[in-house]
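Data block below; observations after.
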Amino acid sequence: MIRGIVFDCFGVLTADLWHEFLDSLPSNIDKSAVSDVHREYGAGRISKQQCHDSIMRISGTEFTEMEDITDHKIAKNTALLRYIKDLSKNYSIGLLSNVGNNWLREDFLTFEEQSLFKAMVLSFEVGHNKPEPIMYTTICERLGLQPTEVLYVDDMAAYCSAAESLGMKAVQYINYEQCQRDIESSIKD
């Protein structure tokens, strides 16, 4: 029985600027090397400046982190946040994200929105990234649930597969309507 639902941030609660950036790189750029650098930043193993400099050196292109966007035009998935508020009445809600700093708490989510999440696991705080199993087991532990009691929602198929390999159910986020429908179907089982 599902007792908890865990959501990703980038690509689910907001736009996924990182993957949009990767997709925009020319085919002659080593995207895996760029991704490796960004993952090191996300796990808190290198500074933002080191990440920026390395990405620039590898790709010749500048990437702007979410927290550095100053026009505050980062679109929140407000429909999903309203649905999460409704779900939080009956389920323990978690947030699991690869993020290099505390931007989610400090700038993105309001205090009221943060209060919807019983637990948050952010990669920079634990020194690991999805799809490493420790990320998923840590969020389950913080929610006080077994993986088999948790539904995981992410836009990345590989991250959904990693969750499923640990016994969690998973929904790949494509759009709000599909996600809500798939969550409802999953929690009824």
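The values are calculated or read from the model by the stated rules, or taken from the named source; none is laboratory data. Because the structure is predicted, anything quoted here is derived from the model rather than measured. Cβ coordinates were reconstructed from backbone atoms using ideal geometry, including for glycine residues, and neighbour counts include every protein chain displayed.
Here are the numbers for this structure:
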{"quantity": "Count of residues meeting criterion [assigned to a loop (DSSP other than H, G, I, E, B) and small (Gly, Ala, Ser)] in the stretch 1-38", "calculated": "3"}
{"quantity": "Tabulated pairs, the stretch 171-189, first in the same structural domain as residue 78 (by TED's automatic domain parsing) and part of a strand (DSSP E or B), second of a type in the set (Phe, Trp, Tyr) and crowded, with 16+ Cβ neighbours inside 10 Å, C-beta under 9 angstrom, 6+ apart or interchain", "calculated": "171/152; 172/159"}
{"quantity": "Restricting the stretch 84-97 to residues that are assigned to a helix (DSSP H, G or I) and not basic (Lys, Arg), the residue that is surrounded by the fewest Cβ atoms within 10 Å (Cβ to Cβ)", "calculated": "86"}
{"quantity": "Residue 100 vs. criteria in contact (Cβ under 8 Å) with a residue 12 or more places away in the chain and surrounded by fewer than 14 Cβ atoms within 10 Å (Cβ to Cβ)", "calculated": "no"}
{"quantity": "Odd one out for residue 163 among (1) over 21 Å from residue 2 (Cα atoms); (2) part of a helix (DSSP H, G or I); (3) at pLDDT 95 or above", "calculated": "(1)"}
{"quantity": "Residue check for residue 129: part of a loop (DSSP other than H, G, I, E, B), modelled with pLDDT under 90 and surrounded by 13 or more Cβ atoms within 10 Å (Cβ to Cβ)", "calculated": "no"}
{"quantity": "Out of 46, 74, 69, 58, sole residue that is at pLDDT below 90, out of contact with any His (no Cβ under 7 Å at 6 or more places or on another chain), farther than 22 Å from residue 173 by Cα and aliphatic (A, V, I, L, M)", "calculated": "69"}
{"quantity": "When residues of the stretch 104-122 are limited to those that are modelled with pLDDT of 95 or more and part of a helix (DSSP H, G or I), the one nearest to residue 82 (Cα to Cα)", "calculated": "113"}
{"quantity": "Of all residues making up the stretch 142-160, the number that are of a type in the set (Ser, Thr, Tyr) and part of a helix (DSSP H, G or I)", "calculated": "2"}
{"quantity": "Per-region count, the stretch 39-58, residues crowded, with 17+ Cβ neighbours inside 10 Å, part of a helix (DSSP H, G or I) and touching a residue at least 40 places away in the same chain (Cβ under 8 Å)", "calculated": "4"}
